[in-house]
Amino acid sequence: MKSQILQNISLKPYNTFGIDCTAKSFVEVKTVEQLLNILEMVKAEQPKFPSIFILGGGSNVLFLKDFDGLIIKNSITGIEKVKENEKDITLYVSAGENWHNFVLFCLENNYGGVENLSLIPGTVGAAPMQNIGAYGVEIRNVVERVKVIDRKTNKQFWISNKQCQFGYRSSIFKHEAKDKYIIIGVEFRLTKENHVLNTSYGAIKDALENDTPTIQEISKAIISIRESKLPNPKEIGNGGSFFKNPEILSNQFEKLKEEFPAIVGYPISDEITKVPAGWLIEKCGWKGKVVGNTGAHKNQALVLVNYGNAKGEEVWNLAKEIQQSVFNKFGIEIEPEINIVG
């Protein structure tokens, strides 16, 4: 069954910021075959499609204006068992699967490794792009390899964990390979027994009822923490954490501590310290501040929100103001975690 390319489609239902802009062309694909057919057609009719954007759950994207090219909504789903033994299991998960639904599937089957990543919005295909992480765990800890399609040749091949060049909220897919490949699936290696539990974040320990929790209990605690801190996109438009936590030189952090004794930092190495962007933004007075149709959320300054009718440029202008104020006060540059389109 062929996918139909639609014209002048509102993207409001397809991005969690709820930005009302239009895609000149839009198509949803549910199989790899449909995706390949669309890519072949785009090649044959290139002038009609000046640009292509692959859309997953729309939870990590800010559209600044109408999109003049083709949006391909990746809705390819499916979870397959690749191999397993007594200790662990390898699963192949299609890129269009909802991330949290995949986590729930793992918990139901007692597969460990992704419980700390509960309730992160988006799709499985977007997860390796961002190297999503939360509460001491990153996706790089469980990814075996990523299956992609080369946009130029339409050939399918695998990219290993090492080749993904995972970094903090970063991967090859955001840098050298940006717009080069389309992720169609991810292989995960998960534990079946002797799960490696990560409860090092204080908030998790406080939310747990005992010192030897199950992976299900860890997930429940994390869901509770996230729901108390982060706004639900169904209730108020947002894209989750807008900025990355900056990593600065440790001696710079020590100097800042002299001026701002309450500043929080997490040593990454002897030379590098990570500083929570939310703390920096809050200390600049942005938490709960409303600017026009947008603002920084009242519970978490790191989350920029759409109060109803914000344009993408309005959110982006606020983000730039926040960046400048943080730099002016602390001398620290904070970078967007969100994918800015346009």
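The values are calculated or read from the model by the stated rules, or taken from the named source; none is laboratory data. All values derive from a computational prediction rather than experimental measurement. Heads up, the Cβs are rebuilt from the backbone with ideal geometry, glycines too, and the neighbour counts pull from every protein chain shown.
Any residue in the stretch 31-44 that is under 28 Å from Val303 (Cβ atoms) and touching a Gly at 6+ places or on another chain (Cβ under 9 Å)?
The answer is no; no qualifying residue exists.
Quick check on Ile225: is it within 29 Å of Asn306 (Cβ to Cβ), out of contact with any strand residue (DSSP E or B) (no Cβ under 8 Å at 6 or more places or on another chain) and β-branched (Val, Ile, Thr)? Reasoning before the result, please.
Working: within 29 Å of Asn306 (Cβ to Cβ): yes; out of contact with any strand residue (DSSP E or B) (no Cβ under 8 Å at 6 or more places or on another chain): yes; β-branched (Val, Ile, Thr): yes.
Spelling it out, Ile225 is indeed within 29 Å of Asn306 (Cβ to Cβ), out of contact with any strand residue (DSSP E or B) (no Cβ under 8 Å at 6 or more places or on another chain) and β-branched (Val, Ile, Thr).
Take the residues in the stretch 219-263 that are closer than 14 Å to Ile332 by Cβ and in a loop (DSSP other than H, G, I, E, B); name whichever of them is nearest to the chain's Cα centre (by Cα).
Only one residue fits best here, namely Lys244.
Condition first: in contact with an Asp or Glu (Cβ under 9 Å, 6 or more places away or on another chain), modelled with pLDDT of 95 or more and hydrophobic (A, V, I, L, M, F, W, C). Can you find one or more residues in the stretch 145-155 that meet it?
yes
In the list Lys73, Lys81, which residue meets the criterion of being assigned to a strand (DSSP E or B), of a type in the set (D, E, K, R) and either in contact with a Lys or Arg (Cβ under 6 Å, 6 or more places away or on another chain) or farther than 27 Å from Val341 by Cβ (or both)? Write out each step before concluding.
Numbers: Lys73 fails: either in contact with a Lys or Arg (Cβ under 6 Å, 6 or more places away or on another chain) or farther than 27 Å from Val341 by Cβ (or both).
Answer to the selection: Lys81.
Could you grab me the full set of residues in the stretch 294-309 that are over 24 Å from Phe330 (Cα atoms) and at pLDDT below 95?
If the condition is that a residue be over 24 Å from Phe330 (Cα atoms) and at pLDDT below 95, then Tyr307, Gly308, Asn309 are the ones that fit.
Could you pull out every one of the strands (runs of 3 or more DSSP E) wholly within the stretch 128-206 that has 1 or more residues that are of a type in the set (Ser, Thr, Tyr)? First the steps, then the outcome.
Values: elements: 143-150, 156-160, 181-191.
Ranges flagged: 156-160, 181-191.
Here are some conditions: (1) touching a residue at least 60 places away in the same chain (Cβ under 8 Å); (2) closer than 30 Å to Asp270 by Cβ; (3) in the same structural domain as Lys298 (by TED's automatic domain parsing). Ile204 meets all but one. Which one does it not meet?
(3)
Could you list, in sequence order, the residues of the stretch 196-239 that are over 14 Å from Glu115 (Cα atoms), small (Gly, Ala, Ser) and either surrounded by fewer than 18 Cβ atoms within 10 Å (Cβ to Cβ) or at pLDDT below 90 (or both)?
So the first thing to find is which residues in the stretch 196-239 are over 14 Å from Glu115 (Cα atoms), and the list is 202-203, 205-207, 209-212, 227-239.
Now restrict to residues that are small (Gly, Ala, Ser): 202-203, 207, 228, 237, 239.
Scanning the stretch 196-239 gives Gly202, Ala203, Ala207, Ser228.
Would you please list the contacts, defined by Cβ atoms under 6 Å and residues six or more apart or on different chains, that run from a residue in the stretch 64-75 that is over 18 Å from Gly125 (Cα atoms) to a residue that is part of a strand (DSSP E or B) and of a type outside the set (Gly, Ala, Ser)?
Pairs that qualify, where the first residue is over 18 Å from Gly125 (Cα atoms) and the partner is part of a strand (DSSP E or B) and of a type outside the set (Gly, Ala, Ser), are Asp66/Thr22; Asp68/Lys24; Gly69/Ile52; Leu70/Ile52.
For Ile139, indicate whether it is assigned by TED's automatic domain parsing to the domain that holds Lys180, of a type in the set (A, V, I, L, M) and under 17 Å from Ser224 (Cα atoms).
no
Give the stretch 1-41 a look and list any residue that's in contact with a Lys or Arg (Cβ under 8 Å, 6 or more places away or on another chain) and over 23 Å from Gly237 (Cα atoms), or say none.
Ser3, Gln7, Ser25, Val27, Val29, Gln34, Asn37, Leu39
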